[in-house]
Amino acid sequence: MTEHIEVFPDRAAMLERAFALTLEALQAAIDTNGRATIALAGGSTPKPLYEKLATVNLPWEKLFVFWGDERYVPIDDPNSNAGMAKAAWLDRVEIPESNIFITPTDGNDPTADADRFDATVREFFQLEGDALPVFDVVLLGMGDDGHTASLFPHTDALDVSDRCATLGEKSGEPRLTLTFPVIKSAANIMLTIAGANKQNALAAIFAETCDDRQYPSRRLRSASGELWWLLDADAAIDSAQIADA
Ligand code: 6PG
């Protein structure tokens, strides 16, 4: 694993770098493998990144889109991660609907829908046994509590290792999420983290020792591919506080 920590003067510059890195990784995957797979982040930070991706001219039929996590709401709910990314990007480019794997939240049964999410990932990557998928790109954010995707502190989802996707929860609210083994097996993991409210969690995550159940994003530091921490100046911590992974 190679860990990259890059700090930018502001959110726009951070997202510009995330855009360039994402585009480079997707194009490289298409050139090498004939296709590219990406799992998208939710939350508010990545929306301008998705809007920029809507302006490029990729061979969209070779891109396959998943989400790293989803709130358990209908796609037309303002809190839907899929709804946000479709409006900002996917509905604005010629990507085949069959290339977009919306996380299922329409079954009125979070556990069953988590199973559907897991089965979709396994089927797409044609996984057998305990093999893991390798997404070309996994985009992530991080909450001020150190969660990433919907892997929240001290929740059971943190320890699920025999599935690609599982049921998570945020203060009792159901969430669907990729599991840590899947996220950590990606070729490129890119986090975009902005705002002073993220500093404390980042300081804990980059410290010599860290309780990774309290700050789950710490677990990303043992990922197998390229790990990119893209931070704005408000979120960044002093470089002296960064212990080697
Ligand atoms: C979600 C996200 C979540 C998000 C972080 C950061 O569904 O909310 O997947 O993990 O990335 O909470 O959110 P912001 O980018 O809005 O700070």
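The values are calculated or read from the model by the stated rules, or taken from the named source; none is laboratory data. Given the structure is predicted, the values throughout are model-derived calculations rather than measurements. A quick note on method: Cβ atoms are made from the backbone with ideal geometry, for glycine too, and the neighbour counts reach across all protein chains shown. With ligands, DNA and RNA removed, areas are computed over all heavy atoms of the protein, side chains included. Shrake-Rupley method; radii C 1.70, N 1.55, O 1.52, S 1.80 Å.
Observations on the model:
- Subset of the stretch 16-37 (residues that are among the β-branched types (V, I, T) and surrounded by fewer than 16 Cβ atoms within 10 Å (Cβ to Cβ)): T32
- The stretch 120-150, residues that are open to solvent by 30 Å² or more (accessible area, probe 1.4 Å) and either in contact with a Leu (Cβ under 8 Å, 6 or more places away or on another chain) or within 18 Å of L202 (Cβ to Cβ) (or both): D144, D145, H147
- Residue match in the stretch 104-112 (condition: under 23 Å from M14 (Cβ atoms) and open to solvent by 40 Å² or more (accessible area, probe 1.4 Å)): no
- When P153 is tested against (1) within 14 Å of the ligand (Cβ to nearest atom); (2) buried (at least 21 other Cβ atoms within 10 Å of the Cβ); (3) part of a loop (DSSP other than H, G, I, E, B); (4) not basic (K, R), only condition (2) is not met.
- So D238, is it of a type in the set (D, E, K, R) and touching a residue at least 12 places away in the same chain (Cβ under 8 Å): no
- Residue within the stretch 234-244 that is outside any loop (DSSP other than H, G, I, E, B), modelled with pLDDT of 95 or more and within 23 Å of L15 (Cβ to Cβ) present: no
- Filtered residues of the stretch 65-92 (kept if more than 14 Å from L49 (Cβ to Cβ) and away from the ligand (no atom under 16 Å from the Cβ)): D76, D91
- Hits in the stretch 89-116 - residues which are in contact (Cβ under 8 Å) with a residue 60 or more places away in the chain and among the β-branched types (V, I, T): T103, T105
- Some residue of the stretch 29-46 being hydrophobic (A, V, I, L, M, F, W, C), closer than 20 Å to A165 by Cα and either out of contact with any helix residue (DSSP H, G or I) (no Cβ under 7 Å at 6 or more places or on another chain) or part of a loop (DSSP other than H, G, I, E, B) (or both): yes
- Within the stretch 156-183, tally of residues that are open to solvent by 10 Å² or more (accessible area, probe 1.4 Å) and among the hydroxyl-bearing types (S, T, Y): 3
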